[in-house]
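J.: Shown below is the structure under consideration.
The values are calculated or read from the model by the stated rules, or taken from the named source; none is laboratory data. Predicted model, so just to flag it, every value in this text is computed and none were measured. As a convention, Cβ positions derive from the backbone with ideal geometry for all residues, glycine included, and neighbour counts pool all protein chains shown.
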């Protein structure tokens, strides 16, 4: 007995979906025993299905009616169950309960989700800060920092609060705020944000915004508020439940009064149960999710595809979404007669080979890939944060860095060279100037690379009447250049996380449905706020993926048009399922009114309708738009 009780307790503590599956298996077996009369029991085996599947439905209906007067589909189901049991039609009651719980399980499976994004954002919040007081340095919890405190931030540390640099030069990785992986050079007077990472030089700063006012805390609040404001789609059966209940009860009462046969009234309640209507949405969604999975999408929100079908605008982050997010050498140009472009490239690679800066790493990587050689050895390597690098290679003094570095070493970038480089700057490229022995020798231009499939993908979206919009934290020139290549007309550059969120909110106020696609932590609030958020699962941050409704696992953006077309096809299937199930129910009601159907046959008829709905939904598994 103790073993039995122990197993019962373990079952009651079992997780929700696992328990529901177990209940349905037991109930299905019990219904088979009932219809074929396989067990010599003193009661109908269908009672197992009535108890396991029916009682939860009745309890939920009663609680909803008593506490909130909320009439859902389960109210009519409960009436049909009770009426069937009263007149002794146990199998009909068990079958209806089983089908309804099956629909509920399918819906629960599509809605099931796991979220950890906000917690991960919280973990990004700096825990400690170094406060400078005269000649002493003290490490304190970041929450204890006050406005106007003087702080020191060492290389590799996260900036604890927002502030202004008082001394020092460095480069700061601001990906958490802007999404751009390229560090930004910072010097005295520049602002730095909490949550960003100091990469190279130590600096001292004065705190300007602390605690809940800091940038990273504002980001967390944006994510939370955006999620709370996203509306959830209500099931079609529940949306129409009040009318279904009223019509069913009226038809059953009039039939009983006119014919005097209660069995006809009960049959009406049984055939009016919206089983097929309940299955119409979740079965189609699950089939569409299966299709989407084969095309590289992980759908994390059950109703995400329903919302996606109504989207009229699709907003893109740039770096890592439309582009690879990896810098490539776009041009190498020597301005010295006795130095070729390849020699200049070799000098630059030699100087940058010991650099930890992403620009330097990109140059060395591209050099090795293009030449198949390693850079020459260099000596006396020195890195100047926020400026560039210097070294000696082949007996020559090499400087590689920005225009400020050249000016500080007495090297002038003439107007002719500035005119040449303007075309690269207008395309959003980053420039590195190279000088040898105090003379400007040339420059290297680096740029992000557009994904090969991005242009075709954007064109297909336009054919689907979905307007693409570029929302990026990158500079205006880079954003305009990428947008022009991809035929995107609407561009918003220099966007912080709240800017992206506010822009999406503006569209929504105009009754436009918006899909956001991004990959960075800075995209998390916008991914939450959008009607549908799609994260790049491969290159994207964990926080962006957790904030999104859908993750593109393999980063193949060319599949996005298929996903939108699939979502629209899914809605067509749902509407067809709904129309068919309602038509079948009304036909069964007419037959029940004239006594052609009894409760058991009525239950089987509308069960057949449920099977046809499932088969129609299953066609979505292999669906693909032909002209794609």
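J.: Has region 116-131 got at least one residue that is touching a strand residue (DSSP E or B) at 6+ places or on another chain (Cβ under 8 Å), at negative phi, exposed (fewer than 12 other Cβ atoms within 10 Å of the Cβ) and modelled with pLDDT of 90 or more?
T.: No, that holds for no residue.
J.: Then there's this: Of everything in region 154-173, what is under 33 Å from the mean Cα position of the chain (by Cα) and free of Cβ contacts under 8 Å to residues at least 60 places away in the same chain? Give them in sequence order.
T.: Listed by number, the residues that qualify are 155, 156, 157, 158, 159, 160, 161, 162, 163, 172, 173.
J.: While we're looking at this one, here's another question. Can residue 448 be described as outside any loop (DSSP other than H, G, I, E, B) and surrounded by 19 or more Cβ atoms within 10 Å (Cβ to Cβ)?
T.: Against the criterion (outside any loop (DSSP other than H, G, I, E, B) and surrounded by 19 or more Cβ atoms within 10 Å (Cβ to Cβ)), residue 448 qualifies.
J.: Here is a further query. So which residues in region 170-203 are over 23 Å from residue 520 (Cβ atoms), at pLDDT 85 or above and assigned to a loop (DSSP other than H, G, I, E, B)?
T.: Hits for region 170-203 are 187, 188, 189, 202.
J.: Collect the residues in region 243-265 that are under 38 Å from the mean Cα position of the chain (by Cα) and either at pLDDT 80 or above or exposed (fewer than 15 other Cβ atoms within 10 Å of the Cβ) (or both), keeping them in residue-number order.
T.: 243
J.: Taking only region 467-481 into account, find how many residues are over 14 Å from residue 318 (Cα atoms) and in contact with a helix residue (DSSP H, G or I) (Cβ under 6 Å, 6 or more places away or on another chain).
T.: So the count comes out to 0.
J.: Name, by its number, the condition in (1) touching a helix residue (DSSP H, G or I) at 6+ places or on another chain (Cβ under 6 Å); (2) crowded, with 20+ Cβ neighbours inside 10 Å; (3) over 19 Å from residue 553 (Cβ atoms) that does not hold for residue 322.
T.: Only one criterion is unmet by residue 322, namely (3).
J.: Look at residue 624 and say whether it is within 22 Å of residue 303 (Cα to Cα), modelled with pLDDT under 90 and either out of contact with any helix residue (DSSP H, G or I) (no Cβ under 9 Å at 6 or more places or on another chain) or not in a helix (DSSP H, G or I) (or both).
T.: Considered against the rule, which asks whether it is within 22 Å of residue 303 (Cα to Cα), modelled with pLDDT under 90 and either out of contact with any helix residue (DSSP H, G or I) (no Cβ under 9 Å at 6 or more places or on another chain) or not in a helix (DSSP H, G or I) (or both), residue 624 comes out as yes.
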